[in-house]
1. Is there a simple number for the mean count of other chain Cβ atoms within 10 Å of the Cβ of residues in A:54-63, and what is it?
2. Specify whether the C-alpha gyration tensor of the protein assembly as shown places it in the rounded, prolate or oblate class, a ≥ b ≥ c being the square roots of the eigenvalues: rounded for a/c under 1.5, otherwise prolate if a/b is larger than b/c and oblate if not.
3. Grab the DSSP H runs of the protein assembly as shown that are 4 residues or longer, score each as -39,500 (n - 2.57), total them, divide by all residues and round the 222 nm result to the nearest 500 deg cm²/dmol.
4. Cα centroids of region A:53-104 and region B:263-320: how far apart, whole angstrom?
5. Apply the a/c threshold of 1.5 to the C-alpha gyration tensor of region B:198-314 and tell me whether it is rounded, prolate or oblate.
6. ³J(HN,Hα) across region B:50-64 via Karplus (A = 6.51, B = -1.76, C = 1.60, θ = phi - 60°), whole Hz, x for Gly/Pro?
7. Quick one: grab the alpha carbon gyration tensor of region B:43-181, order the square roots of its eigenvalues as a ≥ b ≥ c, and give me rounded if a/c is under 1.5, else prolate or oblate depending on whether a/b is larger than b/c.
8. When Cβ neighbours within 10 Å are restricted to other protein chains, what is their mean count per residue of peptide A:84-92?
Amino acid sequence: MKPFDSAQRRLFGSAARAEPLPEAALGALLGRALWPRLALGLGVLLGAALLAAAIGPVGIPADAVARILLSRLPGVSLADSLPQSWQDIVWEVRLPRVVIAGLVGATLALCGATYQAVFRNPLADPYLIGVAAGAGLGATAVIVSPLDYTVGGVSLVPLAAFGGGLTAVALAYSLARVGRVVPTVTLILAGVAISSIATSATAFLMINHSQRVHTTLTWLLGGFNLSEWSKLWWVLPYVLPAAAVILLYGRILNVLQLDEDQAQQLGVNVERVKLLLLGAASLATAAAVSVSGIIGFVGLIIPHAVRLLWGPDYRQLLPMSMVLGAAFLILADLLARTVNSPSEVPVGIITAFCGAPFFLYLLRLRQRAVF
Amino acid sequence: MSSLVQRGLLLLALVGVLAAAVACEDGGGEPTPHAPPMGSAAEVSYPLTIVDTVGREVTIGAQPQRIASLSPAATEILFAIGAGDQVIAVDMFSNYPEEATTRQQLDAYEPNLEAIAGIGPDLVLLFYDPGELADSLERLGITTAVLGSVEETPESVEAVFDQIGLLGFMTDHLQEAGDLVAEMQDRVDAVEEALAGVEQGPRIFHEVDATLYTAAPDSFVGGLYKILKAQNIAAGADQPFPQLSQEVIIERDPEVIILADGAYGESPDTVKARPGWGNISAVRSDRIFVIDPDMVSRPGPRCVDALEALAEYLYPERLE
């Protein structure tokens, strides 16, 4: 067993039961410092959301947007003189889009951080063990099938994506299982293999149904053009409990950053934690992907950006990733619907194209920081 | 103008187009020795040389008897001009006319050279060359012509007439091709006549799929709406098939919505149920129609059927 150095100790926080008192105090201090940065992050998020609500391919004056939003409060009616189309656009189209983009961004970033923590691998993202590839296969299968993919007004695509994503992860998990243990490296390899099977099957389906290649590709690249309030109910029932569980495990994830044996000796039931957290993260990711398609990059880069800005303590990294992930995806989606107006750009293209340079900038800025 | 004279003129015009096509085959220089005698109309003699839509010089030695049509539009044209018996294989999207589906099937998007060569065609028609397929086939001694790639779909009904003429010429069905073009032209004229005096038609949204892909004015479908003087709400998009933002559709308030995605489960009812769409003019006045996507987007003989159907949707008061 490796000796603890003080940097490692700091990461444990009060979860490390063997921790001497002064270190616990330091951990508590770190914990307390979360609130100012959380307030800052929430401010940024609110700003991004307001900006995204105010701007769109249809030029609606900011004061009109504000009046439309305020009119939703009981007893307020400021929007009566505005065109009905503006009210529909702001309330039925733009706002659900902003909210869902934010929710998906928060989910992907949180789950990305969780995967990185559980796998102790900086390259991990929420799609690592098959959610995205499985969801893509499920969605594509429905889109190219000769049957209607809308039944009674409900699209089967998100359902198939959700099911496909979870099936892929469950397969990878059960294939990687050795007795009662699931070694993380085996799990990654199984996930990568399952992903490539699903991806090649998806490509095969696309090529054999080239008339629907546009629809399929649009879904695979992700986007929020068809957001509506009802889609919230697709996501929230999975994302809220999953996020609650993951956020409660911030300290345990800190402990897990040692190797698994050490964490075990410190009283963490490593296998149970892995199953619980990977399960929660995969469930939430599958729900997010089912409404938005496969949006890359957010889940990989946002946790690293938070790490570069504020350090690796998972008790703050998890909530801050959620907040910044939400703000980032809201802004990316704002670009997706405005840069090529009146056409849409798949948001996955924007997240990679704009997110990567910003991330490289952070990387250069904190060159001495070590992951 | 009597229909007979019109037909004669059209035929002459057609031959003129073909002569021009042949003439410019070697960079606009003098006609090549392969050029067929163009003096008398409706005379086809082999060998003949044409220039296909990607500028390749294609020489056809004798009347093709084993055509592999890897283009749904070309398939429809061939059957419509009486060359259906000369077609031995089609691509898997060639679903019209019914008889075409009885032919051997090939894949136009992921074509297999061996499969195509294996059926022994004497002429292969492509509308899309995924990468040197035409050259590979020529190397195997199989005459191949590319008639409009994916990027260069004929943008007007006139371009369809040209293709019909060209196929009539290549297969020695120039007379039937001329008749078909004349009939189509008559029907286009009738629609235009019914619309005489219309300055600006209704605002339209043509839905290609439920993710709100549409056909901009610079597409074949968009060209049909131009004939109908409709105001396409996708105007200003820089691709032929852009994906419109939902809020743009609501703001531009189409008066008629045409669904080319009925086969995917979309219907007037699903459109009406979309949040935020309730106040769109087309939804309020119940002017949402479904059209066969093949008919409307395929640059073949049925594009006139589509034109007439759309005219009725857009101008119910002018057409019964």
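Taken together, the values in this text are just the output of simple stated rules run on the coordinates, not laboratory data. None of these values were measured; they are calculated from a predicted model. Counting neighbours? That spans all protein chains shown, and the Cβs are built from the backbone with ideal geometry, glycine included.
1. On the way: counts 0, 0, 5, 6, 8, 1, 2, 0, 0, 0.
Other-chain Cβ atoms within 10 Å of each residue's Cβ, averaged: 2.
2. Values: a/c = 2.99, a/b = 1.85, b/c = 1.61.
It is prolate, given that a/c is not under 1.5 and a/b is the larger ratio.
3. Working: 29 runs with 377 residues, N = 691.
Estimated from H runs of four or more residues: -17500 deg cm²/dmol.
4. Cα centroid of region A:53-104 versus Cα centroid of region B:263-320: 29 Å apart.
5. Numbers: a/c = 1.38, a/b = 1.30, b/c = 1.06.
It is rounded, given that a/c, with a ≥ b ≥ c, falls under 1.5.
6. 10, 10, 7, 6, 9, x, 7, 8, 10, 9, 10, x, 8, 4, x
7. Values: a/c = 1.26, a/b = 1.19, b/c = 1.06.
Taking the square roots of the gyration eigenvalues as a ≥ b ≥ c, region B:43-181 is rounded.
8. Numbers: counts 3, 9, 3, 2, 10, 8, 2, 2, 9.
Shielding by partners across A:84-92 averages 5.
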